[in-house]
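The values are calculated or read from the model by the stated rules, or taken from the named source; none is laboratory data. Source: prediction; values computed, not measured. Here the Cβ is made from the backbone with ideal geometry for all residues, glycine too, and neighbour counts use every protein chain on show. Note: accessible area is taken over every heavy atom of the protein model, side chains too, but ligands, DNA and RNA are not part of it. Shrake-Rupley method; radii C 1.70, N 1.55, O 1.52, S 1.80 Å.
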Amino acid sequence: MVKIKKDVAILCQYFYPEHVSSATLPTELAIGLQKKGLAVGVVSGYPQEYINEKKEEKELPNDLDGIDIKRVKYTTFNNKSKFGRIFNFFSLFLAMITKVFYLKNFKKIIVYSNPPILPLIPYVLKKICKIEFIFVAFDVYPDNALKMKGIKENGLIHKLMDFVNKRVYKNASHVVLLGNEMKKYVIENRIAEKESNLTVIPNWFSNEKVLESNIVLNTEFKEIKAQYQFVVLYSGNMGSFQDIDTILNGILNYKNRKDIFFVFSGHGNKVENVKGFLKDNDITNAKVFGFLTGQDYADVLAISDLCLVSLEAGIEGLGVPSKTYGYLAAGKPVLAIMSSETDIARDLKEFNSGENIQQGDIDGFVDSIKRYYENRELTNKQSLNARTLYESKYTKEINVDRYYKLLDL
């Protein structure tokens, strides 16, 4: 008797119930595909953040809305350490190899780029079992690590990833890239041997609390909004890829204003730099919060008048800052600090929903803040346009449907 294969398996490091975007996106994709009638399974890492928050291990469901979930445990060394991160990557990879017999029961596999060696598993399954796979590139590795001097050029990791990339990009039925600048980068740098299997599908945003209400429950955010006329928000990762210096040096021009407040929310290796800068310069009209989720994130968006997103110079094409979609969903104008050749910069211009300046343009930053602060009509108009942009391109429904069509099951 021939065993009937299920439709699609999703292979990823992070999954429900973790709240980082690299967990919520595959979770929502799995649920969305399941609702469209596909039989979906998931192989993911055991939720590390869930354990840390609860301070204890709890029994996790192996089923989510009819989706079968197989979780594997792996090492949890300090991810800020290069060796810790490498150990964690290989530990997860080896743990997931134990699930190959489970993965053989699916017609197709969707695999994410974190960790970057993970796609080797569906690559081997394709060679042995003829199972097609879709590779979702959240970023372009090892180029991003080389750019930030995280690995040595022509070192062991660099050579290993070149080996992986050549096979994955060539053998994936589709390579999903998050922006046209990423597509351009992998073509120009010959990471992909062919263009025919490259598809641009952006990430999305779907926090229902943001989409349904502007009621602020967080007491501290209420107080900020009551005291200050204009609130500027930077949320998400504050890491090596983000141009934080332009923002901080621009804030100096608004130091200790009684009418403008700057909120930083998120995590990353530059968080302590931001805190230190605000403290060293005695800036009282700015504050750094931790990584916000759920109602707290909805609240900080609700009190904000203008939102910031940034990339370091030369990083364009290696990743796309998905925090932008949350801003747009909340109907907030966006000030982008990045190349004008990015999809985000083009969208802001096309929909008149924000502005774009180049990295290091402190005068441009200061002028933009002033323009929005002094012109509420501009802010209100671009708020409506931001929501229109979101509904046109960056909803969950639009982009899950694009994956569904790509699977062609």
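For the subset of the stretch 278-306 comprising residues that are part of a helix (DSSP H, G or I) and without any contact (Cβ under 8 Å) to a residue 60 or more places away in the chain, which member is farthest from residue 235 (Cα to Cα)? I'd like the intermediate steps shown before the answer.
Here is the first cut: in the stretch 278-306, the residues part of a helix (DSSP H, G or I) are 278-280, 294-303.
In the following step, the residues that additionally are without any contact (Cβ under 8 Å) to a residue 60 or more places away in the chain were identified as 278-280.
On the way: 278: 16, 279: 19, 280: 22 Å.
The extreme case among them is 280.
Within the stretch 108-124, is even one residue open to solvent by 10 Å² or more (accessible area, probe 1.4 Å), out of contact with any strand residue (DSSP E or B) (no Cβ under 7 Å at 6 or more places or on another chain), under 21 Å from residue 8 (Cβ atoms) and aliphatic (A, V, I, L, M)?
Looking for residues that are open to solvent by 10 Å² or more (accessible area, probe 1.4 Å), out of contact with any strand residue (DSSP E or B) (no Cβ under 7 Å at 6 or more places or on another chain), under 21 Å from residue 8 (Cβ atoms) and aliphatic (A, V, I, L, M), one finds at least one in the stretch 108-124, hence yes.
Is it the case that residue 31 is of a type in the set (A, V, I, L, M, F, W, C), touching a Leu at 6+ places or on another chain (Cβ under 8 Å), open to solvent by 20 Å² or more (accessible area, probe 1.4 Å) and modelled with pLDDT of 95 or more?
On the way: of a type in the set (A, V, I, L, M, F, W, C): yes; touching a Leu at 6+ places or on another chain (Cβ under 8 Å): yes; open to solvent by 20 Å² or more (accessible area, probe 1.4 Å): yes; modelled with pLDDT of 95 or more: yes.
Taking the combined requirement at face value, the residue satisfies it.
So, in the stretch 58-85, exactly how many residues are open to solvent by less than 50 Å² (accessible area, probe 1.4 Å), outside any loop (DSSP other than H, G, I, E, B) and over 26 Å from residue 129 (Cα atoms)? First the steps, then the outcome.
Narrowing the stretch 58-85 to residues open to solvent by less than 50 Å² (accessible area, probe 1.4 Å): 60, 64, 66-69, 71-72, 74-75, 81, 84.
Those left that are additionally outside any loop (DSSP other than H, G, I, E, B): 64, 67-69, 71-72, 84.
Those still in the list that are over 26 Å from residue 129 (Cα atoms) too: 64, 84.
Final tally of qualifying residues: 2.
For the stretch 151-170: of the residues being closer than 25 Å to residue 198 by Cα and more than 25 Å from the chain's Cα centre (by Cα), which is least open to solvent (accessible area, probe 1.4 Å)? Show your work before the answer.
Just the residues of the stretch 151-170 that are closer than 25 Å to residue 198 by Cα, to begin with: 157-170.
Imposing the further condition that a residue be more than 25 Å from the chain's Cα centre (by Cα) reduces the set to 159, 163.
Values: 159: 128, 163: 98 Å².
The residue in question is 163.
Report whether or not residue 193 is free of Cβ contacts under 8 Å to residues at least 24 places away in the same chain, open to solvent by 40 Å² or more (accessible area, probe 1.4 Å) and of a type in the set (Asp, Glu).
Working: free of Cβ contacts under 8 Å to residues at least 24 places away in the same chain: no; open to solvent by 40 Å² or more (accessible area, probe 1.4 Å): yes; of a type in the set (Asp, Glu): yes.
It is false that residue 193 is free of Cβ contacts under 8 Å to residues at least 24 places away in the same chain, open to solvent by 40 Å² or more (accessible area, probe 1.4 Å) and of a type in the set (Asp, Glu).
Can you tell me which condition residue 342 does not meet? The list is (1) within 17 Å of the chain's Cα centre (by Cα); (2) among the hydroxyl-bearing types (Ser, Thr, Tyr); (3) over 30 Å from residue 38 (Cα atoms); (4) open to solvent by 10 Å² or more (accessible area, probe 1.4 Å), and all the others hold.
Result: residue 342 fails condition (4) only.
Select from the stretch 226-260 the residues that are in a helix (DSSP H, G or I) and crowded, with 19+ Cβ neighbours inside 10 Å and list them in ascending order. Please lay out each step first, then the result.
Here is the first cut: in the stretch 226-260, the ones in a helix (DSSP H, G or I) are 226-227, 245-254.
Correct list: 246, 247, 248, 250, 251, 254.
Between residues in the stretch 253-277 that are more than 15 Å from residue 232 (Cβ to Cβ) and in contact (Cβ under 8 Å) with a residue 12 or more places away in the chain and residues that are outside any strand (DSSP E or B) and open to solvent by 80 Å² or more (accessible area, probe 1.4 Å), which pairs lie under 8 Å by C-beta distance while being six or more apart or on different chains?
267/291; 269/80
Here is a list: 276, 331, 314, 319. Which entry is touching an Asp or Glu at 6+ places or on another chain (Cβ under 6 Å) and either of a type in the set (Asp, Glu) or surrounded by fewer than 24 Cβ atoms within 10 Å (Cβ to Cβ) (or both)? Show your work before the answer.
Details: 276 fails: touching an Asp or Glu at 6+ places or on another chain (Cβ under 6 Å); 331 fails: touching an Asp or Glu at 6+ places or on another chain (Cβ under 6 Å); 314 fails: touching an Asp or Glu at 6+ places or on another chain (Cβ under 6 Å).
Residue meeting the stated conditions: 319.
Outside any helix (DSSP H, G or I) and either open to solvent by less than 30 Å² (accessible area, probe 1.4 Å) or touching a strand residue (DSSP E or B) at 6+ places or on another chain (Cβ under 9 Å) (or both), is that true of residue 309? I'd like the intermediate steps shown before the answer.
Details: outside any helix (DSSP H, G or I): yes; either open to solvent by less than 30 Å² (accessible area, probe 1.4 Å) or touching a strand residue (DSSP E or B) at 6+ places or on another chain (Cβ under 9 Å) (or both): yes.
Yes; evaluated as a whole, the condition is true for this residue.
Which residue is nearest to residue 167 (Cα to Cα), if the candidates are limited to the stretch 99-130 and must be touching a Lys or Arg at 6+ places or on another chain (Cβ under 6 Å) and part of a loop (DSSP other than H, G, I, E, B)?
Filtering the stretch 99-130 for residues that are touching a Lys or Arg at 6+ places or on another chain (Cβ under 6 Å) and part of a loop (DSSP other than H, G, I, E, B), the one nearest to residue 167 (Cα to Cα) comes out as 99.
Out of the residues in the stretch 198-225 meeting the condition of being closer than 28 Å to residue 272 by Cβ and of a type outside the set (A, V, I, L, M, F, W, C), tell me which one is least open to solvent (accessible area, probe 1.4 Å).
Looking at residues that are closer than 28 Å to residue 272 by Cβ and of a type outside the set (A, V, I, L, M, F, W, C), I get 203.
Which one of 173, 213 is modelled with pLDDT under 95 and among the hydroxyl-bearing types (Ser, Thr, Tyr)? Write out each step before concluding.
On the way: 173 fails: modelled with pLDDT under 95.
Exactly one of 173, 213 is modelled with pLDDT under 95 and among the hydroxyl-bearing types (Ser, Thr, Tyr), namely 213.
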